[in-house]
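Chemist: The following block contains the structure, expressed as structure tokens.
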Amino acid sequence: MRRALIAGNWKLHGQRQDLQWLEALSSQLGKPPACDIVLCPPATLLSDMVGQAPDWIAVGAQDCSRHGSGAHTGEISAAMLADIGCRYVIVGHSERRADHGETDAVVKAKAEQALAVGLTPIICLGESLQERDAGRADEVCQAQLLASLPDAAASDVIIAYEPIWAIGTGRTASAEQAQDIHQVLRAAFRGQNRDALRILYGGSVKPDNAAALLRQPDIDGALVGGASLDPVSFAAIIDSVG
Ligand code: 13P
């Protein structure tokens, strides 16, 4: 049985005053969380979040360097993230693939850096609208998975299926569309123990659509963007698990 995981990705939002989100979330939850919870604030808040988060919230970064160390101004290594207490790191988000030209090979290198220091990489992938309309979603996602996965991928990586057309658009994949891709990804996973692999869905997840998505057999959680900024919405999504 895979334990559900709900992750919040704050993207380019959040300053120190927003650390009060932690208390607000705790007070909004209707019951003890029945899932793992990961919060990925911007890099400037990681250390404070690690210090202030209750033990049922793990902290993750939104990116890491593909390099371990060296002359790479502005980069943050996976080891640095582990050093301050992060446990997860998102790699290959479509916004980084688009804005920073990150290829599957770069994403794979980042995921390998993460695993090497004991961080769990959350490897993102997903098709564009043109690719979906051309009937190529399965093929594109499968190819991204195979090219972005570390060679020694075991089930301690997490995959996030985030169709690009559903991110920040308010247009969610239907539960059936998401389940279809998750099933394709699980079947294509060449790491050990594919039944234990957790595959999250991301793209306009909100309190009113979370339960239907999370009921699907191959959807093991959600990577939540906009709705994670609001503790009321994020708590409602967490409460919709199981
Ligand atoms: P939204 O939930 O805002 O669509 O963002 C999804 C996402 O990109 C999470 O990584």
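The values are calculated or read from the model by the stated rules, or taken from the named source; none is laboratory data. Note that the structure is predicted; figures quoted are calculated from it, not measured. Glycine also receives a Cβ, built like all others from the backbone with ideal geometry; neighbour counts cover every protein chain displayed.
Chemist: Suppose we filter the range 226-242 for residues that are buried (at least 23 other Cβ atoms within 10 Å of the Cβ) and in contact with a Lys or Arg (Cβ under 8 Å, 6 or more places away or on another chain); how many remain?
Modeler: Total meeting the criteria: 1.
Chemist: Now for a separate question. Looking at the range 189-208, which of its residues are at pLDDT 95 or above and surrounded by fewer than 19 Cβ atoms within 10 Å (Cβ to Cβ)?
Modeler: Result: Lys206, Pro207, Asp208.
Chemist: Just name the residue that is farthest from the ligand (Cβ to nearest atom) out of those in the range 221-242 that are hydrophobic (A, V, I, L, M, F, W, C) and assigned to a strand (DSSP E or B).
Modeler: Ala222
Chemist: Asp218 versus (1) within 15 Å of the ligand (Cβ to nearest atom); (2) free of Cβ contacts under 8 Å to residues at least 60 places away in the same chain: which is the lone unmet condition?
Modeler: Among (1) within 15 Å of the ligand (Cβ to nearest atom); (2) free of Cβ contacts under 8 Å to residues at least 60 places away in the same chain, Asp218 violates only (1).
Chemist: Mind listing whichever residues of the range 205-215 are within 15 Å of the ligand (Cβ to nearest atom) and over 21 Å from Ala187 (Cα atoms)?
Modeler: The answer is Val205, Lys206, Pro207, Asp208, Asn209, Ala210.
Chemist: How many residues does the range 51-91 hold that are of a type in the set (A, V, I, L, M) and part of a loop (DSSP other than H, G, I, E, B)?
Modeler: Summing the residues that are of a type in the set (A, V, I, L, M) and part of a loop (DSSP other than H, G, I, E, B) in the range 51-91 gives 4.
Chemist: Quick check: anything in the range 75-89 touching a residue at least 60 places away in the same chain (Cβ under 8 Å), within 16 Å of the ligand (Cβ to nearest atom) and either among the small types (Gly, Ala, Ser) or touching an Asp or Glu at 6+ places or on another chain (Cβ under 6 Å) (or both)?
Modeler: Checked against the condition, which is being touching a residue at least 60 places away in the same chain (Cβ under 8 Å), within 16 Å of the ligand (Cβ to nearest atom) and either among the small types (Gly, Ala, Ser) or touching an Asp or Glu at 6+ places or on another chain (Cβ under 6 Å) (or both), the range 75-89 yields no hits at all.
Chemist: Another question about this same structure. I'd like the residue in the range 171-196 that is under 15 Å from Leu125 (Cα atoms) and part of a loop (DSSP other than H, G, I, E, B) and, out of all such residues, is nearest to the ligand (Cβ to nearest atom).
Modeler: Filtering first and then ranking leaves Ala173.
Chemist: Counting only residues that are modelled with pLDDT under 95 and within 19 Å of the chain's Cα centre (by Cα), how many does the range 5-36 have?
Modeler: Residues that pass the stated criteria total 2.
Chemist: Is it the case, given these coordinates, that Ile123 is at negative phi, free of Cβ contacts under 8 Å to residues at least 60 places away in the same chain, buried (at least 16 other Cβ atoms within 10 Å of the Cβ) and part of a strand (DSSP E or B)?
Modeler: Answer is yes for this residue.
Chemist: Considering only the range 13-30, state which residues are surrounded by 11 or more Cβ atoms within 10 Å (Cβ to Cβ) and not polar (S, T, N, Q).
Modeler: His13, Gly14, Asp18, Leu19, Trp21, Leu22, Glu23, Ala24, Leu25, Leu29 - these are the residues of the range 13-30 that are surrounded by 11 or more Cβ atoms within 10 Å (Cβ to Cβ) and not polar (S, T, N, Q).
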